[in-house]
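Working notes for the structure below.
The values are calculated or read from the model by the stated rules, or taken from the named source; none is laboratory data. The model shown is predicted, which means the values in this text are computed figures rather than measured ones. Positions of Cβ are backbone-derived with ideal geometry, glycine not excepted, and every protein chain shown enters the neighbour counts. Keep in mind that these areas ignore ligands, DNA and RNA; they rest on the heavy atoms of the full protein, side chains included. Shrake-Rupley method; radii C 1.70, N 1.55, O 1.52, S 1.80 Å.
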Amino acid sequence: MTAETALVVAPARTPRRPSVLIMLAFTVLLIVAVLAVFGQWLAPQDPTVQDPLLSVTPPGDGHLLGTDQLGRDVFSLIIAAARSAIVGPVCVALGCVLIGGTLGMVGAYFGGVADVAVNRFADLVYALPALLIAIVVIGVVDGGYWLTAAILIFLSTPYQIRLCRSVTMVQVRLPYVDAARTIGLTSRRTLFRHILPNILPTVVATLLLDFVAALIGYSALAYLGLGVQAGQPDWGAMLAEGQSFITVNPWLSLAPAIMLIATASSVTLVGDWLYDRLSSKAVSR
């Protein structure tokens, strides 16, 4: 066996073919992605146009889901809000995996002072009340959208550190890592060329779970009036705004709630399916 050999992390699993539910989840995510990228051109009406005289109205008269308290078209707002709802959580998930995953792998591989430092950092951040810290910091400094992303990355990174550290520790004890060190392969090559592919199923699955957590976190903060600018279309903010008008136009709250639930559920289903697919491909070479 050489250091160039990739070993199986776990027994190969028979990959599942995409079921109807998985295909539906992919369809939902495709629609949400299209709305996030092209929503400003797909909205039937300008979501920024206000008609205070119209105020809150139920569906009808050219408004598929009615209007909000400012007379804006709810259907167009839902489409426009997809970008705000999706872009931030995607950045948070990627940031958590890149930072936390790298720190966890490095700590597990090198051990010693590096591992202790990484673990103490993770323990320290874990001890903080994450949601309370986010609310206080964003509220005090009047933080905007990207500051919210940075705070969520900082508070969510320890989970990735611990997870990637644990699965990397399993790999470090395997013979191929000792062989790689013996023949003089660089630590970077060993980590990212050989260890990373073997822990990739876990990394991908947790990346998607991080996205769901960030989606919920962003929406919760927006619901409280934090993290988004006043008047900016956002699913979480729309939930809060629609509560007072639930009897007049329930779609003002129902529509963003449905979008949030559908997106989070679809990402979770796709993540589970991808984990099975990637695990089944972890074969000896």
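Descriptive notes on the structure:
- Note, ³J(HN,Hα) from phi for the range 188-199, Karplus 6.51, -1.76, 1.60, rounded to Hz, x at Gly and Pro: 5, 5, 5, 5, 9, 9, 10, 6, 4, x, 7, 9
- Dipole axis of the chain (+1 Lys, Arg; -1 Asp, Glu on Cβ), positive-most option in L77, V204, H194: H194
- Length released on extending from L30 to R193, taking residue separation times 0.36 nm less the Cα-Cα span: 55.6 nm
- Overall form of the range 175-223 per C-alpha gyration tensor (a/c, 1.5; a/b vs b/c): prolate
- Across the range 242-247, computed HN-Hα scalar couplings (Karplus, 6.51 cos²θ - 1.76 cosθ + 1.60, θ = phi - 60°) run x, 4, 6, 10, 4, 7 Hz from first to last residue, x flagging Gly and Pro.
- Under-5 Å amide H pairs with T67, H placed in peptide plane, nonlocal only: T57, V74
- Within the accessible surface of the chain, defined with a 1.4 Å probe on protein heavy atoms only, the carbon and sulfur portion equals 70 percent.
- Across the range 202-211, coupling constants 3J(HN,Hα) worked out from phi with the 6.51/-1.76/1.60 Karplus curve, θ = phi - 60°, read 5, 4, 5, 4, 6, 4, 5, 5, 4, 4 Hz, and Gly and Pro carry x.
- More than 28 angstrom apart: percent of Cα pairs within the chain: 48 percent
- Note on the chain: with charges restricted to the Cβ of Lys and Arg (+1) and Asp and Glu (-1), its dipole about the Cα centre is near 1560 debye.
- Nearest 10 degrees, 0 to 90: helix 74-96 Cα axis against the chain principal axis: 20 degrees
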